[in-house]
Each structure stands twice: as structure tokens, then as C-alpha cells.
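Down below is the structure, laid out as C-alpha cells.
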Amino acid sequence: MEIRTCPRKIKQMPKIVIYLILFCIFVFVFARYIELRSIFFPMKQIEITPQQEGLVFEDIYFKTEDGINLNGWLVKNPKAKATILFFHGNAGNISHRIEKIIIFNQLGFNVFIIDYRGYGRSQGKPSESGIYKDARAAFDYLSSRPDINKNKIIDYGESIGGAVAVDLAAKRDVACLIVDSSFSSAKDLARKFYPFIPSFLFMTKFDSVNKVKTIKSPKLFIHSINDEIVPFELGQKLYQEAIPPKEFFQIHGSHNSGFLESKDKIVEKLKIFLGNLDLI
């Protein structure tokens, strides 16, 4: 009896309700499509290595807690007091960050930069939970090395890597946290670019704004007033929600080139900030 009456009930359903249901389904599917297409842009080909820029480096492979093999480079400085653990943005791979590696190395640091799962020579497929595991594995590997001072690991992340760095600092004891051109949360970012889509439809969180409230390590937030990809106010919001000690440093330039455009100012700021922590 129930089966026979269902078609009649459907026919009696007002068309506006059917259209509303179809619209909701469309919005949900569109939100998922946007989410899946706008987060990770990995590249597999390594285009350049530190050696080609005159830097001696170790090509390292290490394993995550869920058994994924990851690749990273360790560029050492014989005079280094501290090591920068470098988490890059959502596009490309470690070979596209050579200029920053050189800057950090010239400042007097060891630099350990990794490719997340699915990037470069690392195995697997990227996901929010996965790249958090990658960060913990990188920190634990670095901490296990007798030639690295585990109490002087600087947690640095750019763009989406800032969210990775925040998550790591909330779960591991780092010497300090540096967040470069990152955002408060994925939902805040989605509201800026897709205000017509309810934010609760997005599954990705990158909820740095709540995690940063628990981080006691010294924190430096760097953001460009001209950032066209991650709005300046989202970087400010992340800073405002962080607990002291913390500093905010405003720069100029686009999202992808601001660090290099403001290089001299950033270098001076890093010398002061890290010098005060006896890390340089």
C-alpha cells in the first residue's frame, strides 16, 4: 500500500518544494566541487634542487603515523642555533620555495622543508587531516636527530602551510611559531569568496582561529595589506585571537610575492624577533 501511494504523494507535492529540494542539492554539490577544486594543487616534478643554487643538502625520506613515505630537504648551516621547519602553500612543491630556503639559510638557520603527501616525491593524496599528520611526522623526525636541537625548532608556515604550522604548534612544543600570509579558518575564507554558499556546507575546517588560542609559544604573524588571495583582515583576525606573546608585522606585495617584495623588512624583523628568543 505504501509503495502504491508514494507516486501520488509526489505528484501532489507543490512544484516549489521540488524546486527547492533540487536547488539545495545543486548548492551542496557545487560547494563540494568548489571545495575539492580549490584547496590542493600539487605538482610532482622537482624543477630545481638546493645543490643547483650552491647549497649542500640532504634528500630525506621519512614515514608518517599512517605509513605514508614523505620527502623533504634538510639544508644545514654549520653556525645554526636553530632549525626552521618549513611548511609551504597549497600549490607546487618544495622546489618552488628555493628563494626562501636561501634567505633562511643566509640568516643562519638550518632549514627542513617537506612536501606534503601527494606533492613532489611524497606518496599519497593530500587531505586536511593527512597534511597535519605529515607535519607531526616531520617534527618528530627532526626532533629524533642528534645533530638538531629539538628545543630550537622554529615552526614556519606560508598560506595554507600557516594552518599546518598552527595545528603542529597546538600539538608539539615548538620554539616559536611564524605564520606567513595565512587565514583564520577555511569557512572565513569561503565566506569572502563564496558568500552565496552557506559556510556549513564546506567540510574543510583549517580552524586555526580556535587552535591558536591554545598556543603558548611566541608567535609572529606576517601579512601583506595588498594580499589578493588571503584577505588582510583574516590574518589580523588570527593574530587577534592568539594569546600572548605575539606580534603582527604588516608588509606589502601580492600573496605569492609579498615575502620577496618586502624581503629586506622581513629579514630585519626576523632578526629582531628571533634574536630576542636566542634563536639567531
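The values are calculated or read from the model by the stated rules, or taken from the named source; none is laboratory data. These numbers come from a predicted model, not from an experiment. Here the Cβ positions follow ideal geometry from the backbone for every residue, glycine too, while neighbour counts run over all protein chains shown.
Data overview
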quantity	calculated
Breaking point among (1) among the β-branched types (Val, Ile, Thr); (2) modelled with pLDDT of 95 or more; (3) touching a helix residue (DSSP H, G or I) at 6+ places or on another chain (Cβ under 7 Å), for residue 160	(3)
Qualifying positions in region 84-113 - more than 13 Å from residue 57 (Cβ to Cβ) and touching a strand residue (DSSP E or B) at 6+ places or on another chain (Cβ under 8 Å)	84, 85, 87, 88, 89, 90, 91, 92, 93, 100, 109
Yes/no for residue 209 being crowded, with 19+ Cβ neighbours inside 10 Å and not in a loop (DSSP other than H, G, I, E, B)	yes
Hits in region 261-271 - residues which are over 15 Å from residue 83 (Cα atoms) and surrounded by 13 or more Cβ atoms within 10 Å (Cβ to Cβ)	261, 262, 263, 265, 266, 267, 269
The one condition in (1) over 15 Å from the mean Cα position of the chain (by Cα); (2) under 17 Å from residue 227 (Cβ atoms); (3) aromatic (Phe, Trp, Tyr) that residue 183 fails to fulfil	(1)
Hits in region 244-280 - residues which are of a type in the set (Phe, Trp, Tyr) and modelled with pLDDT of 95 or more	248, 249, 273
Scope region 116-164; condition under 22 Å from residue 229 (Cα atoms) and touching a Ser or Thr at 6+ places or on another chain (Cβ under 8 Å); matching residues	116, 128, 157, 158, 159, 160, 161, 162, 163
Index of the failed condition, residue 254 passing every other in (1) in a helix (DSSP H, G or I); (2) surrounded by fewer than 19 Cβ atoms within 10 Å (Cβ to Cβ)	(1)
